[in-house]
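The next block holds one structure in the form of structure tokens; read it before the comments.
All of the numbers you see were taken from the coordinates with simple rules; none came from a lab. Given the structure is predicted, the values throughout are model-derived calculations rather than measurements. We place every Cβ from the backbone using ideal geometry, glycine too, and count neighbours over all the protein chains shown.
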Amino acid sequence: MDEGRRVVITGMGVLSPLGETLDAYWSGLVSGTSGVAPTTLFDVSELPTRIAGEVKGFNADKYMDSKEARRMARFSQMAVAAATLATQDARLDLAREDGERMGVVLGNGNGGFDVTQDQTRLQMTKGMNRVSPFLIPMVLPNMAAANVSRLLGLKGYTATSITACAAGTQAIGEAAEVIRRGDSDVVVTGGAEANLCQLGIAAFCVMRALSTRNEEPQKASRPFDKDRDGFVPAEGAACLVLESLEHAERRGAQVLAEVAGWGVSSDAKHPVAPDETGDGAVRAMRWALKKAGVVPDEVDYINAHGTSTPLNDAAETKAIKLLFGERAYQTPISSTKSMIGHTLGASGALEAVACVMTIRSGVIHPTVNYTTPDPELDLDYVPNVARKKDVRVVLSNSFGFGGQNACLVLRKWEG
């Protein structure tokens, strides 16, 4: 393990297509419930994909002043909400803490893409003077972290990871490093994404990246299944409170798990498609395990990137086989995205929360909709039904467009 302070997780907050509480999210995952449904946030009548994982009934006014909410894009609102829930879960009294020793590191893929679309239409049809004066601070990807920092009074190290679908996982790793090297005692970290809109869905559709199983939305996301036909777009946010072990012990915090290691790599190959050899993914996983001081045989569970696209699921399976060897066939693997869809920059954070719950509960959530095995994908994907297992070490994978890969190793806290 790298030298430096130990980093632990003391609180978590979630907004997902399965609900706005940690209990709703986890119980939905364990029961194999899908949060995918027909899209309601905008008109999809002319789009090939008309389903999504929406955070249903989200009301930002529950988490902040309504005036503040109106000046934020939806992704920022969700980030503030998740951060608020996480600090409450951690029982962190922000007013009594040193704000200069608390930071924010969040992951995000596209910022306020939905607001950009709507304001562009407004400018084109109504003229420049109808554009919102808050447009720029609404849409910038860094504004989720900025708003969390501002509203919660976190005055220390602040950053945003914008590495597509790897952003949430990379943000957690970066946050742990900030604490490990002594720059902060507490960091609120995770990811937020809420850019479901016509332009975004149309762009993914023309890439043929999305599922078109519109008639059976809950069966559309089917990672590792032979009949998978693309990912399901989704939105959500998750935040985790990371603390140095010393700080957590000093205030008597409950420790949920330890951030043991993380790794980041680049395929350096294709702008969109994953490296089919799995080389980049292997490097990220290997480096994460090395930082954690863990060998492949010690990994009890892998939370897969598992997007439900033909290329990704095949490349990830190959990478796991290359790194783990025969152990790959004995290590349970499951995909959170099979139930909530793909939340892009937030996905790694939502999956990290699922990993912590797996460690604490001794239950691995299933990969749902796994009905037709793919002969090329022959590992244990925990099909359709949750499984009890003593899990002490978890590897969580996130692989983003541009070949940017991030992996996280979490370990059970045993004092």
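Take the Cα radius of gyration of segment 133-200 and divide it by 2.2 N^0.38 Å, with N its residue count; two decimals is plenty.
In units of the 2.2 N^0.38 Å rule of thumb, it is 1.22.
Of THR331, THR158, THR372, which is the most mobile in a GNM of the chain whose springs link Cα atoms less than 10 angstrom apart?
Comparing THR331, THR158, THR372 in a Gaussian network model of the chain, the most mobile one is THR372.
If you bin every alpha carbon distance in segment 261-411 into 10 Å steps from zero, what whole percent lands in each bin?
Binned Cα distances yield the sequence 12, 47, 37, 4.
Write out the GluC sites (Glu not before Pro) in segment 346-415 meeting two conditions: DSSP loop, and at most 12 other Cβ atoms within 10 Å of their Cβ.
On the way: sites: GLU351, GLU376, GLU414; in loops: GLU376, GLU414.
Sparse-neighbourhood loop GluC sites (Glu not before Pro): GLU376, GLU414.
How much of the DSSP beta bridge set in segment 261-411 is antiparallel, as a percent to the nearest 5?
75
For a test of the definition: using alpha carbon positions, the gyration tensor, and the 1.5 limit on a/c, classify segment 7-250 as rounded, prolate or oblate.
Since a/c reaches 1.5 but b/c is at least a/b, the shape of segment 7-250 is classed as oblate.
Just check the chain against the gyration tensor rule for me: Cα atoms, a ≥ b ≥ c as the square roots of the eigenvalues, rounded for a/c under 1.5, and otherwise prolate or oblate depending on whether a/b exceeds b/c.
Oblate, since a/c reaches 1.5 and b/c is not below a/b.
How many angstrom lie between the Cα centre of segment 275-338 and the Cα centre of segment 352-387?
Each part's Cα centre sits 13 Å from the other's.
Cut-off 10 angstrom, C-alpha nodes, Gaussian network model of the chain. Which of ALA346, ALA175, ALA60 fluctuates the most?
ALA60
Over all directions, how big on average is the projection of the convex hull of the alpha-carbon atoms in segment 127-248, in square nanometres?
If I average the Cα hull's projected area over directions, I get 11.4 nm².
Rounded to the nearest Å, what's the spacing between the alpha carbon centres of segment 242-270 and segment 1-46? Just the number, please.
Using only Cα atoms to place each centre, the spacing works out to 19 Å.
Taking θ as phi - 60°, what are the ³J(HN,Hα) couplings along segment 128-141 by the Karplus curve (6.51, -1.76, 1.60), each to the nearest whole Hz, with x for Gly and Pro?
In residue order, the calculated couplings are 4, 5, 8, 6, 5, x, 9, 4, 4, x, 7, 9, 4, x Hz.
Given Cβ point charges of +1 (Lys, Arg) and -1 (Asp, Glu) and nothing else, what value in debye, to the nearest 20, does the dipole of segment 261-411 about its Cα centre take?
Approximately 580 debye in magnitude.
Can you order the peptides 389-398, 124-133 by their average number of other Cβ atoms within 10 Å per residue, highest first?
389-398, 124-133
If packing is taken as the average number of other Cβ atoms within 10 Å across a peptide's residues, how do 216-223, 269-276, 34-41, 320-327 rank, most packed first?
Descending packing order for the listed peptides: 216-223, 34-41, 320-327, 269-276.
Work from the charge dipole of the chain (Cβ charges, +1 for Lys and Arg, -1 for Asp and Glu, about the Cα centre) and give the residue of PHE401, ILE136, THR343 farthest towards its positive end.
Positive-end residue among those listed: ILE136.
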